[in-house]
Amino acid sequence: MREYLLTLCITAAVTYLLTGPVRKFAIVAGAMPAIRARDVHREPTPRLGGIAMFFGLCAGLLVADHLTNLSEVFENSNEPRALLSGAALIWLIGVLDDKFEIDALIKLGGQMIAAGVMVMQGLTILWLPIPGVGNVALTQWQGTLLTVALVVITINAVNFVDGLDGLAAGMVCIASCAFFMYAYRIWYSYGIEAAAPATLFAAILMGMCLGFLPHNMHPARIFMGDSGSMLIGLVLAAGAISVTGQIDPDAMNLFSGSERNTVHQTVPVYIPLLLPLTIIAIPAADLVLAIVRRTWRGQSPFAADRGHLHHRLLEIGHSHSRAVLIMYFWSALIAFGALAYSVNSASMWIVLGVAALSFVGLVLLLLPRFTPRAPRWAEAFVPPRYRRRRPEEAAAVAPAASSAAYATEDAAEPVEQRSPLVAGAARLNGATALGARSRLLDRRKAETSR
């Protein structure tokens, strides 16, 4: 465990320290696209955060290769090299997309090639535990197709959810934490060495996300871009493929009897890892809904829009930070709920706890739809937004609101006439402008024009 934690800390430190220089490089290189209709931020923000995350991945693998126990992973398995090869290819495609906006079909082809590179080096699904059937061995073509499909789906699921500051990195960090706990349990508790690569991948992935999050939380100073979102999606998929499709359930010796009974009774253990989509259920659901929505409208499945789950949370009335925290909550509930069920599937308390937390999550999700009003006798003990407005107060607020609206329109006129910001400008800081700083700048210009 100490070596895993050391690898995690080194990966996080390298990613964190490199993100600042990478941000300056992205501004100089012009990797700051103009604001699009679906974007939430208000100012051009540099991308290419995936550069720092990739070097953090390389640092984590390099440190692990020189540690006493983790070095055996590199000696006994070719999976770390397969991961590095596929990650380098998908990272290069992401960097080109962040700079030049390459076509979606080209990115899809690159994702399939990166998955194929990992398959060629041994990181593939060999068999699947199927309830009622037993351990089903896959042919080479079946394993290759299933591996490529899982990698592509996971990469695009993470890429689709990367729409708010800190959202994708936080959700993947939560998923990788649950993944690490499960893979470490298989490796340490049951002595299965084949689970060691997946445990290492999860630790490195946590370090990549934790090192990048301080720069990416709202208001974000840099985005990970496709170079980062596709990279962490590939690492998460690689770990799940490693532990799901290459570990024989019968080797765990949990139950006696036939192989069919063993697989059937250990299915709860494999629920979190049978498909990566059960770990990243929220991004996967967003991916499926996006494809259905765009296809129903006659659009391409890769056409961008503002119909993702995080966009809907903003439309309901949640703030940027609260929408991100709600997505964190649901991701943690699904990932750790599945993890707890895999440890003890016979416990009713786990099911009741997940159901209770789900109810709390629904209440928090729909809270902006309902604005509770306190009774008159309790208004002195609650914030002003929960107090009932008296008729005379409403009449006094109406003229003030109308005058404020006119003042806002007058102040907005000179702002609309100013020239657009370009990458590399001297006054461009790259942060999202939803705070008080941008409003003060607009107010000063409005007062000067008068």
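What the table shows:
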item	result
Length released on extending from Ala380 to Asn344, taking residue separation times 0.36 nm less the Cα-Cα span	8.2 nm
Solvent-accessible surface ranking, highest first, for Phe55, Phe336 at 1.4 angstrom	Phe55, Phe336
Accessible carbon and sulfur surface of segment 201-240 relative to its total accessible area, %, 1.4 Å	68 percent
Cubic angstrom per residue, convex hull over Cα atoms of segment 142-201	80 Å³
Solvent-accessible area of Glu72 with every protein chain in place, 1.4 Å probe, in Å² to the nearest 10	90 Å²
Ile125 long-range amide H proximity, modeled H, under 5 Å	Thr147
Leu5 versus Ile291: modelled label distance in nm, points set 7 Å from Cα along the beta carbon direction	4.1 nm
In order through segment 61-68: 3J(HN,Hα) via Karplus (6.51 cos²θ - 1.76 cosθ + 1.60), integer Hz, x for Gly, Pro	5, 5, 5, 4, 5, 9, 8, 5
Nearest-10 value in Å² for the accessible area of Arg185, using the 1.4 Å probe	50 Å²
Portion, in percent, of the accessible area of segment 1-126 that falls on carbon or sulfur, probe 1.4 Å	67 percent
Computed log₁₀ I(q)/I(0) - Debye formula, equal Cα scatterers, no solvent, segment 1-123, q 0.09 Å⁻¹	-0.33
Length gained when the stretch Glu315-Asn69 is fully extended (0.36 nm per residue, less Cα-Cα span)	83.6 nm
Label-zone membership for segment 66-93, site Ile113, 7 angstrom Cα→C-beta point, backbone N under 19 Å	82-93
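The values are calculated or read from the model by the stated rules, or taken from the named source; none is laboratory data. Since we're looking at a predicted model, the values are computed, not measured. No Cβ is skipped: glycine too gets one built from the backbone with ideal geometry, and neighbour counts run over all protein chains shown. Surface accessibility is based on the protein's heavy atoms, side chains included, excluding ligands, DNA and RNA. Shrake-Rupley method; radii C 1.70, N 1.55, O 1.52, S 1.80 Å.
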